[in-house]
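Contents: one structure, followed by commentary.
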Amino acid sequence: MAMSRTGGDGAADRPLAPVRRPRPTAPALDYYLVRPRLPDDRPAAPPEGIVVEEFLFGADHTVLRVDSAAWTPGGPGWWTSSALSRSIRADPELRGRVVGVPRHRAEVVYRQLGGATLPDEATLRGHLRAGDTRAASAPLLLSPERVTPGFHSTRVYRVLFANELGPDDLVQLSSGWPMTRTDPIRSNGVVGTARRRIGADVFRWDLRRIGMIGAYGLDPTVDLVTGRDDGVRPVLRELTTTLRLRGLIPVTVERFS
């Protein structure tokens, strides 16, 4: 499946749920390179395009929608299609050709493909097309709410990802977070756990395989010492970006409690 400017949704404008946009002080967009489809015996070729996405969040840090835009050399400019964003997550063949990269790598490729200087993020947001808006809802309570003793509240999130991690990726995660590996993998799919304290708040997370292939879940548990949750979004962003740059593609963020 080559990148195509077809596939726009053509949906009528409709009111959107309130969202919180990230602060513009650091890169907040996600960047991907799309490699061309080649026979197995062909050498690697330069990327055929760039995809930019932005996750928009509700007040409780769950995803309301994903906006996206794409660029291909020789085209009229940035084009928008939320159908492409959905296909990246649903189509294994296309997903296998998509590589998450930091912004500075996208800047290099953009120049190499003849695009001069990659627009800043404020300009890129003007090209993004709104994806499917997800109805805001109360957390999905999987069990009676339990607050860790000594804390004001305890939240449980899940960041769902598509794609696979290789052995080297797990080694790098174990070193970088640091993450304690579970070998063999637990019956509930957990492949590793980690913990971090930020100020008085405590973040614990499990990385688990969902099903046999092609999906992972990152399950952070957040113990908040007060009613303020300012640290939740940056930590979720950091953890999600780390896994995105290891090859996983974020799909959504849900809250379980």
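Failed condition for residue 154, given (1) under 24 Å from residue 51 (Cβ atoms); (2) in contact (Cβ under 8 Å) with a residue 24 or more places away in the chain, with all others met? Unmet for residue 154, out of (1) under 24 Å from residue 51 (Cβ atoms); (2) in contact (Cβ under 8 Å) with a residue 24 or more places away in the chain: (1).
Taking the stretch 120-135 as the range and being more than 17 Å from the chain's Cα centre (by Cα) and exposed (fewer than 15 other Cβ atoms within 10 Å of the Cβ) as the test, the residues that pass are 120, 122, 123, 126, 135.
Going through (1) assigned to a strand (DSSP E or B); (2) acidic (Asp, Glu); (3) open to solvent by 50 Å² or more (accessible area, probe 1.4 Å) one by one, residue 67 falls short only on (3).
Listed residues 209, 158; which is touching a Lys or Arg at 6+ places or on another chain (Cβ under 9 Å) and either among the basic types (Lys, Arg) or within 21 Å of residue 92 (Cβ to Cβ) (or both)? None of the others qualify; the one that does is 158.
Scan the stretch 229-248 for residues that are among the hydrophobic types (A, V, I, L, M, F, W, C), more than 14 Å from residue 207 (Cα to Cα) and either touching a Leu at 6+ places or on another chain (Cβ under 7 Å) or not in a loop (DSSP other than H, G, I, E, B) (or both) and the total you get is 2.
Yes or no: residue 147 modelled with pLDDT of 90 or more, closer than 14 Å to residue 207 by Cα, in contact with a strand residue (DSSP E or B) (Cβ under 9 Å, 6 or more places away or on another chain) and among the β-branched types (Val, Ile, Thr)? Taking the combined requirement at face value, the residue does not satisfy it. Considering only residues that are assigned to a loop (DSSP other than H, G, I, E, B) and surrounded by 18 or more Cβ atoms within 10 Å (Cβ to Cβ), which ones fall in the stretch 35-57? Residue satisfying the conditions is 47 alone. Taking the stretch 214-241 as the range and being open to solvent by 40 Å² or more (accessible area, probe 1.4 Å) and among the β-branched types (Val, Ile, Thr) as the test, the residues that pass are 225, 226. Exactly one residue out of 209, 186, 255 is more than 20 Å from residue 147 (Cα to Cα), touching a Phe, Trp or Tyr at 6+ places or on another chain (Cβ under 8 Å), at pLDDT below 95 and charged (D, E, K, R): that is 209. Restricting attention to the stretch 166-180 and to residues that are in contact with a helix residue (DSSP H, G or I) (Cβ under 8 Å, 6 or more places away or on another chain) and surrounded by 16 or more Cβ atoms within 10 Å (Cβ to Cβ), the residue that is farthest from residue 242 (Cα to Cα) turns out to be 179.
Residue-level check: of (1) open to solvent by less than 40 Å² (accessible area, probe 1.4 Å); (2) part of a helix (DSSP H, G or I); (3) among the β-branched types (Val, Ile, Thr), residue 154 misses just (2).
Residues that are of a type in the set (A, V, I, L, M) and part of a loop (DSSP other than H, G, I, E, B) were ranked within the stretch 181-201; the one that is least open to solvent (accessible area, probe 1.4 Å) is 200.
For the stretch 99-119, the criterion of being closer than 30 Å to residue 155 by Cβ, at pLDDT below 95 and either part of a loop (DSSP other than H, G, I, E, B) or open to solvent by 50 Å² or more (accessible area, probe 1.4 Å) (or both) is satisfied by no residue at all. Residues in the stretch 84-95 include at least one that is within 16 Å of the chain's Cα centre (by Cα), open to solvent by 40 Å² or more (accessible area, probe 1.4 Å), of a type in the set (Gly, Ala, Ser) and at pLDDT below 95.
The values are calculated or read from the model by the stated rules, or taken from the named source; none is laboratory data. The structure displayed is predicted, hence computed values, not measured ones. No Cβ is skipped: glycine too gets one built from the backbone with ideal geometry, and neighbour counts run over all protein chains shown. Each accessible area value is taken on the protein alone, full model and side chains, heavy atoms only, with ligands, DNA and RNA left out. Shrake-Rupley method; radii C 1.70, N 1.55, O 1.52, S 1.80 Å.
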